[in-house]
Structure formats: structure tokens, C-alpha cells
Amino acid sequence: MPVLEGLWGPDLGMRDSGLGVCPDEAPRSPVWGPLRTPPVTCGGLSLALELPALIRQLRAAWRARRGGPRGSERSQGSSWVEAEEEEEVEEVKEDLESRTAHLEADGRLNTGHAGVLLAGRRGSYPLIDLRILKTSAQQGGVESGTRRKVKRLLSFQRYCHDSRLLRGLVPCAPGSLHFLDDDYLGQAAHMLSKVGTWNFDIFLFDRLTNGNSLVTLMCHLFNVYDLVHHFQLDMVKLHRFLGMVQEDYHSHNPYHNAVHAADVTQAMYCYLKEPRLAEQLSPLDVFLGLMAAAAHDVDHPGVNQPFLIKTKHHLASLYQNTSVLESHHWRSTVGMLRESGLLSHLPADMSQDIEQQLGSLILATDISRQNEFLLTFREHLDNQDLDLQLASHRHFILQIALKCADVCNPCRVWELSRQWSERVCEEFYRQGDLERQFDLEISPLCNQQADSVPAVQIGFISYIAEPLFEEWQRFTEPSALSRTMLGHLHKNKACWSSRRCAPSSPGTRTDSPDEEPGPEAGDEEGEDTP
């Protein structure tokens, strides 16, 4: 196999990544016979059932939700089928009642407002359930009495994950892409031909792919780099893994969702194409860069680390209040890699090395470590001692590239940058509303009455994005893309400054749909480079 023919030389064994012990072994998927399928579940219903049984179970679930079949729809000659269906309906009803009773009996907050979080949600999952966050001794027995069928037990979504079908909320599976009109598929394919341009509209691409932008983009990029052949990947396992990653992003989050992951992946692809970097990268480097970009925020709950710490969430205790979310993203990714079996054909030491390097990349996105990486990057550039022939130096540049991709929104054209800015501030404001609702101290940047979108963006650009991209431009010597990004960043900052001075209420939208585009209109139209 190509992956075993000299790829894993001594210099590629990244054993000095500074990470802790390898994640605990997850149960491996069994080997399925030629006539069986893996036990995929949807809404708590096993899709490994034979088709007639599955149809009966789906029909029973639907009728239980609708209150039972209508009298006019009953057939005189199918009483034995109806009797069987009625039994299944009763079982489904009992299961739903037991789940509801369990959550209401043991999961209540002392404040009595937890139900508001479930009632006011817009997506498939609750905004953030404080029953999860207020984990304490009194909730120690909550999970023991339930029948959970989700393997990723640390997921924020596990409390509602297995009952979505019974609530009529069928998740958007990667396979739904095939139900799109041919014109939409053609437009998506046309966009993929320009995926290396900096003005790539990820929002439009997500609509054209019916919400499957991350899976579609990753499959395309894996084909571009021929990673499937090089690593001898099973396409079924690859698609299953990517589908699990995309599904574990919370669609109700305004910012930290699968579209953000796809946007970061597209930016990472642009950075991997930088001339100084592209000629030095190995297939393993590309594989790690794309995988880390796609999964770097998986299962993000829509709140930040300080919120998890002050609500005494169990993940904060598990990771000792250090890189809590990033550690969870990494461990969730490792769990999905093992559950899907994507790397199961590789030797154990190789797959473990990939897991560790993925962890090193994802942990680098912790914003609290920004100065640490920036100072090291600046020191390397000042000393001119970066040697991309060394695996450790290439890995460090991948960390910097992922950090740049993660915070590149101010470097996009105005129409895209403005949308991302409003989305991230909306997520901040939701956290602030949640903290206010439960009498918690409101976190910085989360007070909608005091922190306006322009003020938040100007501070972020000045202290986070601008210093990082100035050093990235030095590294690229500079490239056309880095000049374009800094040009957009400076104009976007000026645009936010002008809106900050304009009379407007804090926390409101900065542009109306009919307003003219921002500073990139006109002279920047053709500046983006492939």
C-alpha cells in the first residue's frame, strides 16, 4: 500500500507534541457479514432491521406521535397487523413517557427555568441544557436509569440525540445530497471548481449542497490530493466518519456549526496551496491539516470555556479547566475515527500517531494560547530558522495555518466577513442572556446592551487577527493571497470603525439587506487569487 511505502519515516513520528496519554480505546466495530449492515440508528430505531420490520416500527412511531391511526384508515382484513402495530405503538409511547418523566424528575434546576431552554430552541437540539452543565452529586444517578443508544457519551447532544425521529425531526443525512435538483448539483460542482479562490461563498455552497457543505467539501479535497488512494481509505468508512463529524456540529449555533467548519477547511486548503508551503508538504501533512480543520470545533455547545467552568460542567473537571473545549473536540474526533474504523487498516502505532498529531493541531486553536504561538512564530521568522524539511517545523506551520483559518473571517470580503461577525456576536449574546437568566456574571463581550458588534470586531481584529496575519504575510514572503487578506482586513476594520461612530443601538445588526456592500465593492472585485 502507498501509505506503507516509506511515508512514515523517522522524521514523521511526532512523539514530542507535548500531549498527554492517548485517549482510551473505544470499542471497535464488529466485522459484518456480506448480508448484514452496521447497526446504524436513527431516532433510537435500528436501521439494521429487515425492511418490513423497520417500516412497521417507523409507522408505529409516526402514529404514536400523531395520536394513533384514524378510524377511516383501518382495514377490515388486516386485524393481525394492526394488533402488532398497536403493541409497538404502546411500547413507543411508554418509552417516550419514561424519557420525559426521567428528565422532569431528576434533571430540574433549583431555579426552575431549565424548561425555557428546551422550549425556545430553533434547531434540532436545545440551546444549552443546564441539566448538563449543573452536574453534581444529586445528578449522579440520572444517566444510570436510562437506555442511551449513542456511543459518543461525552456529546452535548446525547440527551436528545436518540429521540429526534420520534419528535418528527429527522436529521439531514449526507445522503440527502442526492435528493437535490440536478441544477443545484451542477452549481455546487461549479463552485467546487473554484474552491481555491479566497472569495469562495461558503454560505451559498452550503445551500446548494442542502446543508452538506462539510462532507461534500472534504470528499472533494480528498480526491484533489488523492488521499483516498494514498492511505488506502475505505470510501464507505470515510463518508461515515465525515457524516458523523458534520452531524455532531450543532446546527442551532449561529457561529460554531458545520458551516464554520467547512469555511475553516476551505481556508486551510488555500493556505496549503501557498507556494512556500505546498512544495514541502507530505500527504500526511495535508491529511492532518484537512482533518483537523474539519473537526476542530466538533460538538461545540455554543458557550465558551469560562461558562463551563463557572457552571461546574463535568468536562471542565475532566480537563482540569485547561483547553476544555479543544480537548473535547479532539477526544470526540478520536472517538469518531475509531467508531467509523477509518484508520483501522493501519498499524496501531501509525493510527495512534495520527490521533496525537490531530490533537496537537486542534489544541493549538485555543485562543488563550494565542500569544504563546504568536511569539514563537515571530521568533522563528526573526531568526530565519524555519526548516520545512523537518517534520516538527512543518507541524508547527500547520498549527499556525489552522489558527489563521480559524480566525480568518475579518480577512474575507465584506459581505462574508459581516455575516460571520454578526453570527459570532449573536452566539456571544445568547450566552450573555443565558448567564443573566441564571444570575451568573455576564462574560466579556456577551452583554448585548454594552458590547456592540463593531466594538467587538474592532477589538478582535486589533488584538487577535491583525498581529497573526501580519506574521503570516512575512512567512509567505509575501504571497498574493496574504496581501489580499491583509487588504480586506484593513478595509473591514475601517468599515467597522465607521459603523461604531454611527448612531446605533448596541447589539443590533450593522447592515440592512438593502444596504450597499462594504469597502470591497468595486476595486477589489478581481483581486482574489486562486
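A few comments on the model shown:
- Residues of the stretch 284-408: accessible area per residue with a 1.4 Å probe, Å²: 31
- Three-way shape call for the stretch 319-379 based on the alpha-carbon gyration tensor, with the a/c threshold at 1.5: oblate
- Range of Cα positions in the stretch 247-295 per principal axis (Å), largest first: 39, 17, 8
- Measuring nothing but protein heavy atoms, the accessible surface of the stretch 333-421 at 1.4 Å probe radius is 47 percent carbon and sulfur.
- Volume per residue of the C-alpha convex hull in the stretch 433-506, rounded to whole Å³: 93
- Of Lys237/Lys491; Lys403/Lys491; Lys194/Lys403; Lys312/Lys491; Lys194/Lys491, those spanning more than 32 Å from alpha-carbon to alpha-carbon: Lys237/Lys491; Lys312/Lys491
- In terms of its Cα atoms, the stretch 364-436 spans 48, 30, 20 Å along the principal axes, sorted from long to short.
- The packing ranking, built from the mean of other Cβ atoms within 10 Å per residue, places the peptides 310-318, 245-253, 374-382 in the order 245-253, 310-318, 374-382, highest first.
- Taking a sphere under 12 Å around the Cβ of Asp433 and counting the other residues whose Cβ falls inside, with K and R at +1 and D and E at -1, yields a net charge of -1.
- With K and R counted +1 and D and E -1, the other residues having a Cβ less than 12 Å from that of Ala293 yield a net charge of -2.
- Computed over neighbours whose Cβ is under 10 Å from that of Lys403, the net charge equals -1, Lys and Arg +1, Asp and Glu -1.
- If you plug the beta carbon distance of Gln232 and Glu477 into 1/(1 + (r/R0)^6) with R0 = 41 Å, you get a FRET efficiency near 0.70.
The values are calculated or read from the model by the stated rules, or taken from the named source; none is laboratory data. The shown structure was predicted, so the numbers you read here are calculated from the model rather than taken from an experiment. Glycine also receives a Cβ, built like all others from the backbone with ideal geometry; neighbour counts cover every protein chain displayed. Areas reflect the complete protein model, heavy atoms only, side chains present, ligands, DNA and RNA absent. Shrake-Rupley method; radii C 1.70, N 1.55, O 1.52, S 1.80 Å.
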